[in-house]
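Report on the following structure.
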Amino acid sequence: MVLRFATHQGRAQLVVGEGTHLVDLEQVSNGLFSSDPMQSFARWAELREFAKTITAVGEPFDPLTLDAPSPRPAQLFGIGLNYRSHATETGAPIPTSPLTFTKFASAINSPYGDIPIKHSTVDWEVELVVVISTGGRDISVASAWDHIAGVCVGQDISDRALQMATQPPQFNLGKSRQGYAPFGPWITDSAHLANRDALRVTCLLNSQEVQNSTTDDLIFPVDYLVSYLSGIVELSAGDVIYTGTPSGVGAARTPPQFLSSGDILISAIEGVCSITNLCI
Ligand code: ZN
């Protein structure tokens, strides 16, 4: 079985079948694995082997009740201007080192959670999100994928006015309002990704495609980001990295377009997973 990891009502789950059923990890493993999802990431290789033995059909679930698959990461990184196409559309120079900010953990939203729109310049950014398995310091580029549990899709929702409120800009707060960090719906084991360095990332706004690119356009690819960050800070199991957004965000449009109540965002990694968020 492909290892896909979810969190439901606070408990670690394996996703089975067509993504319609869940198996409770602690129960199916007779306590070998904890019900606490944050305990699973450091044991990812062991979990991968265990998942191969699962034959249970699981229980159907309502996707709206899923939690973020890594619900309490110690660190939540965002990378800005990391697609050539997006750097170009913003008029910014191509970065020579990763433009790194944090999304504060209180912004974490569930994969189908509503996004409160309380400001006039709220923008969308679909992103490939990776979750760390075994962390550490000074991880090499060559071994970086061995430190990644897997991938999911996220929205790096941004209040552009707040993001650009100071000079020089400081992104952290503008990326961290309530509900601004939905990701999920589950983590797909990176070992099962045939094309992990060329994943197609798409965003639909009210059924209209606004973003569509592949991660081979990343200026700093996933393995480089893990290596770079671990050379500065210690990465922990369950840490989350938003790897950047391709072109097509609202602020770069003519005229600029921002989110309002009633808008629906569908964000996807093609063939892997998708999340849906209603703006309220
Ligand atoms: Zn972003």
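The values are calculated or read from the model by the stated rules, or taken from the named source; none is laboratory data. Keep in mind it's a predicted model, so treat the numbers as computed, not measured. Ideal geometry is used to build each Cβ from the backbone, glycine not excepted, and the neighbour counts take in all protein chains shown. Keep in mind that these areas ignore ligands, DNA and RNA; they rest on the heavy atoms of the full protein, side chains included. Shrake-Rupley method; radii C 1.70, N 1.55, O 1.52, S 1.80 Å.
Determine whether S227 is in the same structural domain as G91 (by TED's automatic domain parsing) and either closer than 25 Å to G19 by Cβ or under 16 Å from the mean Cα position of the chain (by Cα) (or both).
On the way: in the same structural domain as G91 (by TED's automatic domain parsing): yes; either closer than 25 Å to G19 by Cβ or under 16 Å from the mean Cα position of the chain (by Cα) (or both): no.
The answer is no for S227.
Quick check on V153: is it open to solvent by less than 10 Å² (accessible area, probe 1.4 Å), touching a Cys at 6+ places or on another chain (Cβ under 7 Å), under 25 Å from R200 (Cα atoms) and within 14 Å of the ligand (Cβ to nearest atom)? Give the derivation first.
Values: open to solvent by less than 10 Å² (accessible area, probe 1.4 Å): yes; touching a Cys at 6+ places or on another chain (Cβ under 7 Å): yes; under 25 Å from R200 (Cα atoms): yes; within 14 Å of the ligand (Cβ to nearest atom): yes.
When the stated conditions are applied, V153 passes them.
Give the residue, chosen from P95, P111, P69, that is within 16 Å of the ligand (Cβ to nearest atom), open to solvent by less than 30 Å² (accessible area, probe 1.4 Å), in contact (Cβ under 8 Å) with a residue 40 or more places away in the chain and part of a loop (DSSP other than H, G, I, E, B). Even if it seems obvious, please write down each step before you answer.
Details: P111 fails: within 16 Å of the ligand (Cβ to nearest atom); P69 fails: within 16 Å of the ligand (Cβ to nearest atom).
Of the residues listed, the single one that is within 16 Å of the ligand (Cβ to nearest atom), open to solvent by less than 30 Å² (accessible area, probe 1.4 Å), in contact (Cβ under 8 Å) with a residue 40 or more places away in the chain and part of a loop (DSSP other than H, G, I, E, B) is P95.
Please determine, by comparing only the residues of region 75-92 that are part of a loop (DSSP other than H, G, I, E, B) and touching a residue at least 24 places away in the same chain (Cβ under 8 Å), which one is farthest from the ligand (Cβ to nearest atom).
Once the filter is applied, the top-ranked residue is Q75.
When you scan region 24-39, how many residues do you find that are over 21 Å from S274 (Cβ atoms), open to solvent by less than 70 Å² (accessible area, probe 1.4 Å) and either assigned by TED's automatic domain parsing to the domain that holds P185 or not in a loop (DSSP other than H, G, I, E, B) (or both)? Can you show your working first?
To start, the set of residues in region 24-39 that are over 21 Å from S274 (Cβ atoms) comprises 24-36, 38-39.
Among the residues that remain, those that are also open to solvent by less than 70 Å² (accessible area, probe 1.4 Å) are: 24-26, 28-29, 31, 33-36, 38.
Narrowing the set further to residues that are either assigned by TED's automatic domain parsing to the domain that holds P185 or not in a loop (DSSP other than H, G, I, E, B) (or both) leaves 24-26, 28, 38.
Residues meeting the conditions: 5.
Count, please, the residues in region 45-66 that happen to be over 28 Å from A105 (Cα atoms), out of contact with any strand residue (DSSP E or B) (no Cβ under 8 Å at 6 or more places or on another chain) and outside any loop (DSSP other than H, G, I, E, B).
Residues of region 45-66 that are over 28 Å from A105 (Cα atoms), as a first pass: 49-60.
If we keep only those that are out of contact with any strand residue (DSSP E or B) (no Cβ under 8 Å at 6 or more places or on another chain) too, we end up with 49-50, 52-53, 55.
Next cut, outside any loop (DSSP other than H, G, I, E, B) only: 49-50.
Number satisfying all stated conditions: 2.
Just one of the numbered conditions (1) of a type in the set (A, V, I, L, M); (2) at pLDDT below 95; (3) not in a loop (DSSP other than H, G, I, E, B) is not true of A42; which one?
(2)
When you scan region 118-147, how many residues do you find that are open to solvent by 20 Å² or more (accessible area, probe 1.4 Å) and within 16 Å of the ligand (Cβ to nearest atom)?
1
Taking region 16-45 only, how many residues are closer than 23 Å to D239 by Cα and in contact with a Ser or Thr (Cβ under 9 Å, 6 or more places away or on another chain)?
Residues flagged as closer than 23 Å to D239 by Cα and in contact with a Ser or Thr (Cβ under 9 Å, 6 or more places away or on another chain) within region 16-45 amount to 13.
If you check A237 against the conditions, is it open to solvent by 20 Å² or more (accessible area, probe 1.4 Å) and within 16 Å of the ligand (Cβ to nearest atom)?
Numbers: open to solvent by 20 Å² or more (accessible area, probe 1.4 Å): yes; within 16 Å of the ligand (Cβ to nearest atom): no.
Here the answer is no, as A237 does not meet what is asked.
Kindly provide the set of residues from region 74-85 that are open to solvent by 10 Å² or more (accessible area, probe 1.4 Å) and out of contact with any Leu (no Cβ under 6 Å at 6 or more places or on another chain), ordered by number.
A74, Q75, F77, R84, S85
Of everything in region 159-199, what is surrounded by 20 or more Cβ atoms within 10 Å (Cβ to Cβ), out of contact with any Lys or Arg (no Cβ under 6 Å at 6 or more places or on another chain) and of a type in the set (A, V, I, L, M)? Give them in sequence order.
Hits for region 159-199 are L162, I187, L199.
Residues of region 252-280 being in contact with a Pro (Cβ under 7 Å, 6 or more places away or on another chain) and open to solvent by 60 Å² or more (accessible area, probe 1.4 Å), which ones? Quick ask: steps written out before the conclusion?
We begin by selecting, within region 252-280, every residue in contact with a Pro (Cβ under 7 Å, 6 or more places away or on another chain); these are 273, 275, 277, 280.
Residue satisfying the conditions is I280 alone.
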